[in-house]
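Colleague: Handing you a structure now.
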Amino acid sequence: MVTLTEKSHCKVCLKPLDAHLSTKPNETPEPGSVSICNYCGKISVFDKEMNLRPITDEEIKNVEKYHPVQWRMIKAIEKGIMIRNKLN
Ligand SMILES: [Zn+2]
């Protein structure tokens, strides 16, 4: 897990994002990196200023096509967060 020096916020629930987990060790997010909010489960993308914005349909298609394993992991995490939030 990498601790982010500047906090970004989820555009849906407005909670701060202060850490980043990656599928690769010590990888830091960069513009275009996909992120999932641990609070609400919304999938976002880092923009050029490293702020989060909602992922577009075209970006979803690209991630599904070129990074199918990572996309399945993101969707599994999203589902887990949704289930956790329903139980709480
Ligand atoms: Zn959120």
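No lab work stands behind these numbers, since they all come straight from the coordinates. Quantities reported herein were computed from a predicted structural model and do not represent experimental measurements. For neighbour counting, all protein chains shown are included, and Cβ atoms are generated from backbone atoms with ideal geometry for every residue, glycine included.
Colleague: Would you mind ranking Ile77, Ile36 by Cβ crowding within 10 Å, fewest neighbours first?
Modeller: Values: Ile77 15, Ile36 21.
In increasing order of surrounding Cβ atoms, one gets Ile77, Ile36.
Colleague: Computed FRET efficiency, Cβ-Cβ of Leu14 and Glu49, R0 22 Å: what is it to the nearest 0.05? Walk me through the numbers before you get to the answer.
Modeller: On the way: r = 17 Å, r/R0 = 0.78.
With a Förster radius of 22 Å, E is 0.80.
Colleague: Sequence gap at least 6, Cα distance under 8 Å: using those rules, report the relative contact order of the chain to the nearest whole percent. Don't jump to the answer; show the numbers that get you there.
Modeller: Working: 116 pairs, mean separation 19.9, N = 88.
With pairs under 8 Å counted, the relative contact order is 23 percent.
Colleague: Which lysines, if any, have their Cα less than 23 Å from the Cα of Lys75, not counting same-chain residues under 8 positions apart?
Modeller: Lys75 reaches Lys11, Lys15, Lys24, Lys42, Lys61, Lys65, Lys86.
Colleague: What FRET efficiency would be calculated for the residue pair Glu59, Leu87, taking the C-beta separation as r and a Förster radius of 25 Å, to the nearest 0.05?
Modeller: On the way: r = 30 Å, r/R0 = 1.19.
Efficiency at R0 = 25 Å is approximately 0.25.
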